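Data first, discussion second: the structure below is written as structure tokens.
No lab work stands behind these numbers, since they all come straight from the coordinates. Just so we're clear, the structure is a prediction, and the values are computed from it rather than from any experiment. We place every Cβ from the backbone using ideal geometry, glycine too, and count neighbours over all the protein chains shown.
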């Protein structure tokens, strides 16, 4: 399955009703990422909120603290493997398959313009939503947040999991610093996903109850035209787009 | 055949009823029937100066007490009615020590025991830790889940005194030891773990500070005095732990610019980051929600 990525794009991604947006690797990466993310949050947050009685109950549901600790570590290694898979996937695509580098994901000043345009629209100062290209600023934020968040949460988690090993090379304060970084970064990630990601991909008009494109790889032309008009025009052409 | 089945079923019923009725009933040994008088809550002795002393012994306590199978007169000497004064903290510890000699000796050398010998009434002695009501008739065996000395309950037992800020301040202990323990890896693991002893292989107060032989933290003999001693203590569980590992412990203190400045600034940085990103998230979703709400959820 080929997918929309670069300019000029192959017309083969434009199907009769849909446009192919993600390939199977991306679909798998997203599924593994969100499953491990949910498992990590469910097994990790009770430790952050250890004095809530619901945490005690929830840990017991899983079969005790030792079980949640084991599951948390396994899920963490799977998530890290998933991210390495993603990096290999990009490297393989660009180096071995000689596809062009996915530059559309790189943040640009245009994203800030779009953000301000969108705020103007939300506040009612403008009637027009910004015209997004392949990825809007939220999608880029979601994506790049992992490049910051996964190293922070992964390294701090590693420090907490193997403190004796780590303090053979690093100063002792790294351990209490890691617990703070790990917990706060977790709150940050969970809040962002629950508030922004869920709102715009599940609750926003036209997407309720779920934007399925990340699971099917395809997005209907209709939605593509509304959500990613710049890319849509490039792919389908303005004439057809206006209908 | 049917008759036999009925008899069998009836037999099971009677056995079940019987086991329910006797279940959990362990009566304390009361060879001299002391409880026939001392089981009365109103039994008091009026001293010559008019003060009253309750002579009531709660049978319920005795029945679950670790000493339920030794008779009253083992501790209350053979003619208990001749004893005039009730026991005080010092004589009570001595009394326990008449059998538990080793523990008594260790306690005498501990900071609690040293202070006890000086007549300090604040300190913990045998019953303060071994009985939930500081009552010698209510001493519970260490491995029973409701014992104050059961691993899962130890932090709360120490906290009876050590989270009393006023009392602790008078000894110069300003660190909130209980709160900081409960926030630590060990505290969370103990709190969220079950009561199964196999789940309680985490350190609590006594694993670092000692039990009967507990010392002041600045006593060179204390297992937590100085990074070297502390590292050896950590190593009891964390195989290969070194001095750097031990230094990762902030001494029951909050991180501050003076105490572990890096940790303090890490905390501030992550708080600022999380707070700003989450506020941004709330604002953007709030704005979008209002806009689309006023559009009646159309685009």
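Quick notes
- Extent of region B:1-86 along its three principal axes (Cα atoms, max minus min coordinate, largest first): 76, 24, 18 Å.
- Our summary gives region A:10-119 a relative contact order of 25 percent, counting only alpha carbon pairs under 8 angstrom and 6 or more residues apart.
- Ascending count of other beta-carbon atoms within 10 Å, so fewest first, for A:173, A:57: A:57, A:173
- Sorting B:182, B:287 by the number of Cβ atoms found within 10 Å of their own Cβ, with the fewest placed first, yields B:287, B:182.
- For chain B, the relative contact order is 9 percent, taking Cα pairs closer than 8 Å that sit 6 or more residues apart in sequence and dividing their mean separation by the residue count.
- Annotation: average projected area of chain A is 16.8 square nanometres, based on the convex hull of Cα atoms across all directions.
- Kirkwood analysis of region B:140-253, using all unique Cα-Cα pairs, places the hydrodynamic radius at 14.9 Å.
- Contact order relative to length of region B:177-271, as percent, for alpha carbon pairs under 8 angstrom and 6 or more apart: 16
- Highest to lowest packing among B:109-122, A:223-236, B:42-55, A:101-114, scored as the average C-beta count within 10 Å: A:223-236, B:109-122, A:101-114, B:42-55
- Rg over Rh, two decimals, region A:23-101 (C-alpha only, Kirkwood Rh): 1.19
- The order of B:154, B:70, going from fewest to most other C-beta atoms within 10 Å of their C-beta, is B:70, B:154.
- For the protein assembly as shown, the Kirkwood estimate of the hydrodynamic radius, built from every pair of different alpha carbons, is 29.5 Å.
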